[in-house]
1. Among the listed residues Tyr122, Tyr100, which satisfies the condition of being in contact with a Phe, Trp or Tyr (Cβ under 9 Å, 6 or more places away or on another chain) and either surrounded by fewer than 14 Cβ atoms within 10 Å (Cβ to Cβ) or of a type in the set (Phe, Trp, Tyr) (or both)?
2. Would you call Val171 within 21 Å of Pro79 (Cα to Cα), of a type in the set (Val, Ile, Thr) and at pLDDT 55 or above?
3. Asn159 versus (1) more than 19 Å from Tyr7 (Cβ to Cβ); (2) of a type in the set (S, T, N, Q); (3) surrounded by fewer than 14 Cβ atoms within 10 Å (Cβ to Cβ): which is the lone unmet condition?
4. Here are Leu136, Leu126: which of them is touching a Ser or Thr at 6+ places or on another chain (Cβ under 8 Å), closer than 30 Å to Pro79 by Cβ, in a helix (DSSP H, G or I) and modelled with pLDDT of 90 or more?
5. Filter the range 139-156 for residues that are among the β-branched types (Val, Ile, Thr) and either under 18 Å from Val58 (Cβ atoms) or surrounded by fewer than 16 Cβ atoms within 10 Å (Cβ to Cβ) (or both) and give the result.
6. Which is at pLDDT 95 or above and over 18 Å from Trp147 (Cβ atoms), of Val32, Val38?
7. Within the bounds of the range 148-166, is there any residue that is farther than 29 Å from Thr121 by Cβ and either within 25 Å of the chain's Cα centre (by Cα) or at pLDDT below 90 (or both)?
8. Of the numbered conditions (1) modelled with pLDDT under 95; (2) over 18 Å from the mean Cα position of the chain (by Cα), Val105 fails exactly one; give the number of that condition.
Amino acid sequence: MKQLLDYLAIIAFAIVYFASKDIFLATGVLMVGVTLQVIAYKVLGKPIGNELKITFWVSMVMGGLTLLFRDEAFIQWKPSIISWAIASALIGAHWFAKTYLLKKVLGHALQLPDAKWKVLTYGWALAFTFSGVLNLWVVNNFSMDTWVTFKLFGQMGINFFYIFVMIAYLVASGALSEANLKEQEKEADPALHPDMNKAGADDEGSPPNPAEESAR
């Protein structure tokens, strides 16, 4: 259901465009589709992630400018702006907030050390940056029909390729090995480390070691 909701707006956009050859009508449909997607998440009680929030607002702004000025360039820039905004959010959260957004999103499914989350953060930031550049290259070198096809199928395929590369990296680095997963589960579950809990209780009230704090 979630995957269908994520692609419903862009599918509707492509169908309306190829049926009517009217990019402005298709843009209006895209804006309505993204709005309905947000409403559907609300009705179904699903959390609205940052990526959807960015997609919604950029779609509203760039789609509105497209319709207002009757200039398709605005809607064609939308995928690049979204990609670069996500890349900036990933890097910004790591640099300034000292947190990994990917860990917040995928941490319930993947137990990885911070070193791996750092690599994934930079990897996905680079991937989204490249996607934004690739979108503009298609815009400037091919027809509107080609761009809409690329927006529907090309970017979807690229996203799946990025996921494949991420999984391949995790497998090659041993992060998804059975032994490593068990070790990460033990570290994540305090009940499996009574000695550590006891040590933590014994140290409670003593000032933290600066070296240990900086290591964290």
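1. On the way: Tyr122 fails: in contact with a Phe, Trp or Tyr (Cβ under 9 Å, 6 or more places away or on another chain).
So the residue among Tyr122, Tyr100 that is in contact with a Phe, Trp or Tyr (Cβ under 9 Å, 6 or more places away or on another chain) and either surrounded by fewer than 14 Cβ atoms within 10 Å (Cβ to Cβ) or of a type in the set (Phe, Trp, Tyr) (or both) is Tyr100.
2. Values: within 21 Å of Pro79 (Cα to Cα): no; of a type in the set (Val, Ile, Thr): yes; at pLDDT 55 or above: yes.
No; evaluated as a whole, the condition is false for this residue.
3. So Asn159 meets the others, but not (1).
4. Values: Leu126 fails: touching a Ser or Thr at 6+ places or on another chain (Cβ under 8 Å).
After ruling out the rest, the residue left standing is Leu136.
5. Step one: list which residues in the range 139-156 are among the β-branched types (Val, Ile, Thr), which gives 139, 146, 148-149.
The answer is Val139, Thr146, Val148.
6. On the way: Val38 fails: at pLDDT 95 or above.
On inspection, the qualifying residue turns out to be Val32.
7. First, the residues of the range 148-166 that are farther than 29 Å from Thr121 by Cβ: 148-149.
From the residues that got through so far, the ones that are either within 25 Å of the chain's Cα centre (by Cα) or at pLDDT below 90 (or both) too are 148-149.
Checking the range 148-166: at least one residue is farther than 29 Å from Thr121 by Cβ and either within 25 Å of the chain's Cα centre (by Cα) or at pLDDT below 90 (or both).
8. For Val105, the failing item is (2).
The values are calculated or read from the model by the stated rules, or taken from the named source; none is laboratory data. Everything numeric here is computed off the predicted structure, so don't read it as measured data. Cβ coordinates were reconstructed from backbone atoms using ideal geometry, including for glycine residues, and neighbour counts include every protein chain displayed.
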